[in-house]
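Reviewing the structure listed below.
The values are calculated or read from the model by the stated rules, or taken from the named source; none is laboratory data. Being a predicted model, the structure only gives us computed values, none of them experimental. Note that each Cβ is placed from the backbone with ideal geometry, even for glycine, and that neighbours are counted across all protein chains shown. For accessibility, only protein heavy atoms count, side chains too; no ligands or nucleic acids. Shrake-Rupley method; radii C 1.70, N 1.55, O 1.52, S 1.80 Å.
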Amino acid sequence: MNKKMSFVLLTNEVILLTLCFVMLPQQVIVQVGFDGSPTNIVSKTMAMAILLVLAAFAFVTLFSSEKSDVKVYLIAGIFIFVTIFTLVINCL
């Protein structure tokens with residue numbers, strides 16, 4: 001995979017995790033129903049643990065890939081989407 005792209009994705013992920021740590025409330029909404037009401041709430045510690053596991057998976061995938069592959073970009077993109085979604089539904 002392109003090393004510049006890996007660095008950009010890694011930097012974005014670290015910035016998003018730092019924002020999550022600072023901005024998330026003590027009770028974090030992780031699922032939202034069709035009517036917009038929260039259906040599953042976990043503690044901030046558990047939410048950060050879930051995001052860190054996803055980040056570790058994304059980092060391993062980014063740096064273990066030798067060639068540019070759509071799946072690698074997709075995994076990194078999914079992680080960034082999940083993190084942004086968590087921030088949006090909890091901070092708005």
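Key figures
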quantity: Under-24-angstrom lysine pairs by C-alpha in the chain, whenever the two are 8 or more apart or on separate chains; calculated: 4
quantity: Table column - 3J(HN,Hα) (Hz), segment 28-40, Karplus curve with 6.51, -1.76, 1.60, x for Gly and Pro; calculated: 10, 7, 10, 9, 10, x, 5, 8, x, 8, x, 10, 8
quantity: Phi-based couplings in Hz for segment 70-76 (Karplus 6.51, -1.76, 1.60; Gly and Pro marked x); calculated: 4, 4, 5, 5, 5, 5, 5
quantity: Entry for volume of the Cα convex hull per residue in Å³ (calculated from the structure that is shown) out of (i) 87; (ii) 105; (iii) 120; calculated: (i)
quantity: Electrostatic dipole magnitude of the chain [Cβ: Lys, Arg +1; Asp, Glu -1; Cα centre; debye, to 20]; calculated: 200
quantity: Amide H within-cut-off set for VAL32, under 5 Å, with H built and near neighbours excluded; calculated: THR39
quantity: Acute angle (nearest 10 degrees) that the helix 3-23 long axis makes with the longest principal axis of the chain, alpha-carbon atoms; calculated: 20
quantity: Per residue value of the accessible surface for the chain (all protein chains in place, 1.4 Å probe), Å²; calculated: 65
quantity: Accessible-area composition of the chain, carbon plus sulfur, in percent [1.4 Å probe]; calculated: 73
quantity: Heavy-atom accessible area order for LEU16, LEU52, largest first, 1.4 Å probe; calculated: LEU52, LEU16
quantity: Peptide ranges 78-86, 33-41 listed from the most packed, as the mean C-beta count within 10 angstrom indicates; calculated: 78-86, 33-41
quantity: Which of TYR73, PHE7, ALA58, positive extreme of dipole for the chain (C-beta unit charges); calculated: PHE7
